Structure formats: structure tokens, C-alpha cells
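I have placed the structure first, in the form of C-alpha cells, so that the comments after it can refer back to it.
Every number in this text was worked out from the coordinates using simple rules, so none of it is lab data. The model shown is predicted, which means the values in this text are computed figures rather than measured ones. Neighbour counts are summed over all protein chains in view; Cβ atoms, including those assigned to glycine, are modelled from backbone coordinates with ideal geometry.
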Amino acid sequence: MTDVFSKEKRSWIMSRVKGRDTKPEMLVRSFVHRMGFRFRVHRRELPGNPDIVLPRHGKAIFVHGCFWHGHKRCSRTKRPTTNKKFWNKKLDGNIERDKRFRRELRRMGWKVLALWQCDTRNPEELLEKLEKFLHDE
């Protein structure tokens, strides 16, 4: 099956995909800030550049896009039917890399929370997850 867009159009579409400061990430940051926590964003010296880092508490939060990071229980994870070999390699690689980064952070003594894009659709549940993670010592 071929792509419905030309190579140029597909390239333009993909160039618009944001990797940081996404709406879900900004919402999580807002919640964490309103809870009274101070944090840093995208710390490059840590494995995986966590989206939110709370150094005083030894905690890191990743806010993953369901499609790009392979959320198993989400309809947004449906893989493209065109160029399957490329997409399977790309998305499987993202999933493995995420696991490796979480493992490395835990080995370094960090507590890690991975939130999903679809978690931000239910603010009450999101707040509950954040409170449980951030107030757990």
C-alpha cells in the first residue's frame, strides 16, 4: 500500500510534529506546579531527557504520546499500514529506548512515572496519579 500523500507533503506533515512542550506535557506541568512543586524540564544530563524533573525529590516524569511511544491500551497506537517495515522498526525502537531510559534512571536512584497523552483527557485521574507519585516518599 502506498502513502496517500506525496513525499514532500508527508515530510511537511511530519516536520510539524512537536517533540517537547506539547499540550499534554504543558497540562502535566501546570498540575505539578499548582500542587506546589518546583521542577526543571528536559534535563539533558539524565537518560531520556525526562519532561519534568524534581531534583529535590529524586523524581522524573515522562509525558509520552500514545502513538509515538506505543501505549498498549489506547486506540491512538494503531500503526500505519503504509511503509510497515519502517514504522515497526521506528516505533518498536522507541518503546525499547523508553524502557532502557526508565531502567537507567531507576538504577541511578530516581523514581520514574510515565504518563500517556490519553491520561490528560481525564484531569481528575491525572491529578490522582500525580498526587500518588509526588507525595509517595
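Quick look at the numbers
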item: Folded to 0 to 90 degrees: helix 84-107 orientation relative to the chain principal axis, Cα; result: 10 degrees
item: Whichever aspartates and glutamates have a C-alpha closer than 19 Å to that of Lys85, once near sequence neighbours (fewer than 8 apart) are set aside; result: Asp3, Glu96
item: Packing rank of 84-96, 42-54, where each peptide gets the mean count of other beta carbons within 10 Å, highest leading; result: 42-54, 84-96
item: Over region 73-137 - Rg/Rh using Cα atoms and the Kirkwood inverse-distance radius; result: 1.07
item: Centroid-to-centroid separation of region 48-88 and region 1-36 [C-alpha atoms, Å]; result: 11 Å
item: Charged-residue dipole, Cβ positions (Lys, Arg, Asp, Glu), region 1-98 about Cα centre, Debye nearest 20; result: 120 debye
item: Environment charge of Phe31, counting only residues whose C-beta is closer than 15 Å and scoring Lys/Arg +1, Asp/Glu -1; result: +1
item: Cα-based reach from Lys111 at 21 Å (exclusive), listing lysines while leaving out same-chain residues under 8 positions away; result: Lys59, Lys99, Lys129, Lys132
item: Considering only the chain, percent of DSSP beta bridges that pair antiparallel, nearest 5; result: 40 percent
item: Fewest-first ranking of Met14, Met35, using other Cβ atoms within 10 Å as the exposure measure; result: Met14, Met35
item: All Cα pairs of the chain, percent lying beyond 23 Å; result: 39 percent
item: Crossing angle, helix 23-34 versus the chain [Cα axis fit, 0-90 degrees, rounded to tens]; result: 0 degrees
item: Listed residues Gly70, Gly36, Phe86: farthest to the positive end of the dipole of region 19-135 (Cβ charges); result: Phe86
